[in-house]
Amino acid sequence: MTPRRPLARLFPASARSLFRLRTLRGMAMAALALLTLPLVGAVGYASVTLDQLARGGQVIVEHGVRATQISQQVFNLLGQLERHAREYNASGDGALFDAYERTRIELVLTLAELTALPQDSDTRTARAALARQSAALGSALLDGAQRGEPLDEFTLARRLGGLIAQAEALSRHLRGLLDGELSALQANVRTTRTALMWQTLLLAPLLSVMMGFLYLRVLRPLRQLDAAIARLGEERLDEPVRIEGPQDIRALGRQLEWLRERLSELAQEKSRFLRHMSHELKTPLANIREGTELLLDGAVGPLQPGQEEVTRILRDNGIRLQQLIENLLAFSAWQSRNATLELSDFALPELFEEVLRRHRLVIASQQLKVKSRIEPLSVRADHDKLRLVLENLVSNAIKYSPRHGTVHLRAVALSDTRSDAEDAARGDWLQLDIADDGPGIPQAERSRVFEAFYQGSQRANAHVGGTGIGLSVVLECITAHGGTVEIVDGEFRGAHFRVRLPLRPVTAEAAPVALNYRAS
């Protein structure tokens with residue numbers, strides 16, 4: 001007796017892996033088989049049944065055509081028999097009798113062709129009676145001619161009428177048989193249609209169950225993977241990656257969780273590096289600024305006009321470097337999600353004055369014009385964060401404005417059309433517009449200008465280059481205040497940034513004013 005071989009030896013590893021439903025491939029193969037087999041069975045049954053019905057319909061059509069041809073030929077031959085019989089009965093010419101006999105034999109042969117068609121006892125009886133009566137009529141005609149007593153007209157007409165009646169009965173029986181076959185075919189069609197309908201009704205829930213299984217065990221884990229990868233791409237690293245499903249999908253989820261942890265560690269290391277470097281840079285920069293202030297104040301003696309100009313340039317660039325360092329600190333704080341808003345009430349025009357004073361020498365050296373329309377608004381926000389926003393946007397406008405260009409500043413209160421009449425009267429939003437006359441921002445770069453460390457293709461007119469995080473800090477600060485920042489077109493030639501922030505109620509009689517700012 002041959003020993004039984006274990007399953008592992010009967011099937012190779014590649015074949016056995018197809019039946020492991022714990023893996024994605026095994027589940028996919030099982031789901032494909034469960035979805036395919038019922039459909040293949042249904043299609044096969046429908047194909048075979050329809051082929052049988054088609055063949056049955058073709059046979060019925062062939063039988064109907066052949067029966068019609070035979071019936072027509074029988075009636076034609078009976079017409080010839082009647083003519084030959086009447087002529088022979090009137091003249092007794094033997095040639096006419098021979099013609100009658102030839103036609104009768106042809107009639108018998110034609111009736112014999114009916115054996116290839118479906119027949120019943122009535123059809124066979126009518127066919128035999130027609131052959132027998134045609135032969136009897138021939139015998140009666142021959143006997144009458146030999147005796148010299150031809151058949152009288154009434155007898156001949158009665159015998160010929162009997163032949164026509166038998167032919168009509170035969171044709172009627174043939175039509176009945178064909179109608180029966182057609183009725184059977186119609187019954188088969190109805191039965192097949194009912195069977196296909198029940199198959200469809202049974203397949204619908206089965207396929208629904210299979211699709212539900214495929215979704216729960218295969219598609220949903222894949223969607224979870226897609227969502228986890230999207231979160232990693234958007235640097236949303238605070239949510240752990242948990243994937244349920246087949247074994248290999250769970251393994252991939254564990255790999256993504258490991259990647260999330262590594263990215264989170266790298267982000268924390270980057271933030272720590274930025275904070276440490278920024279703090280380390282602030283100490284020597286503070287000493288440089290203090291030294292330049294002492295020189296300008298004449299603490300070490302009066303300066304020559306040229307020396308004073310150089311010292312002012314050093315001080316202004318120190319201020320610029322301080323702003324860049326503050327950007328780095330703010331960016332690091334927002335990235336680590338440790339930054340909080342310190343809200344206070346302050347006047348908006350004074351904040352604009354403070355920001356413009358920091359850039360007065362650059363504005364004077366570039367001979368820029370500042371066109372402003374600042375409403376006397378009192379806002380409640382984080383003073384330092386909003387100052388950082390204005391400094392970055394104004395600094396960008398100054399950097400990208402051409403010599404003798406214009407920097408446009410505007411701050412107005414807007415009404416929220418969704419609010420009631422009282423809210424609309426006092427204003428709900430603060431809109432800040434900062435624009436320049438520079439080359440503007442290309443459409444292809446607008447989707448990335450708020451990304452950290454991204455620097456566009458346009459060259460800036462600045463002594464100290466930027467880090468590429470100014471606009472990123474602007475976006476973070478404005479978002480933290482519940483506002484929005486966007487790039488708009490149409491009103492100014494260059495880049496036009498529009499900021500909208502929630503605004504506390506202001507007095508209705510406050511009128512717009514222009515800043516009393518001079519670059520000199």
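Please treat every number below as a calculation from the coordinates, not as lab data. None of these values were measured; they are calculated from a predicted model. In this analysis, Cβ positions are derived from the backbone assuming ideal geometry, glycine residues included, and neighbour counts consider all displayed protein chains.
Label-to-label distance for Leu263 and Asp297 is 5.0 nm, based on points extended 7 Å past Cα in the beta-carbon direction.
For region 24-212, what value does the Rg/Rh ratio take when both radii are computed over Cα atoms and Rh is the Kirkwood radius, given to two decimals? Display every interim value, and only then the final one.
Details: Rg = 29.1 Å, Rh = 20.9 Å.
Using Cα coordinates only, the ratio equals 1.39.
Building the convex hull from the alpha-carbon atoms of region 120-241 and averaging its projection over directions returns 15.0 nm².
What is the order of Ser378, Ser447, fewest Cβ neighbours within 10 Å to most?
Working: Ser378 15, Ser447 9.
Going from sparsest to densest Cβ surroundings: Ser447, Ser378.
Tell me, in nm to one decimal, what length is gained between His383 and Asp98 on full extension, where the rule is 0.36 nm per residue of separation less the Cα-Cα distance?
Working: separation 285, 0.36 × 285 = 102.60 nm, distance 13.21 nm.
Stretched fully, the His383-Asp98 segment lengthens by 89.4 nm.
Peptides 179-187, 250-258, 435-443 ordered by packing proxy, namely the average of other Cβ atoms within 10 Å per residue, highest first: 435-443, 250-258, 179-187. Once each part is reduced to its C-alpha centroid, what is the distance from region 468-489 to region 429-453 in angstrom? Cα centroid of region 468-489 versus Cα centroid of region 429-453: 10 Å apart.
Full extension of the chain between Arg231 and Leu39 gives 65.2 nm of extra length, using 0.36 nm per residue less the Cα-Cα distance. For the pair Ala480 and Gln80 in one chain, pulling the backbone fully straight at 0.36 nm per residue adds 132.9 nm over the alpha carbon distance.
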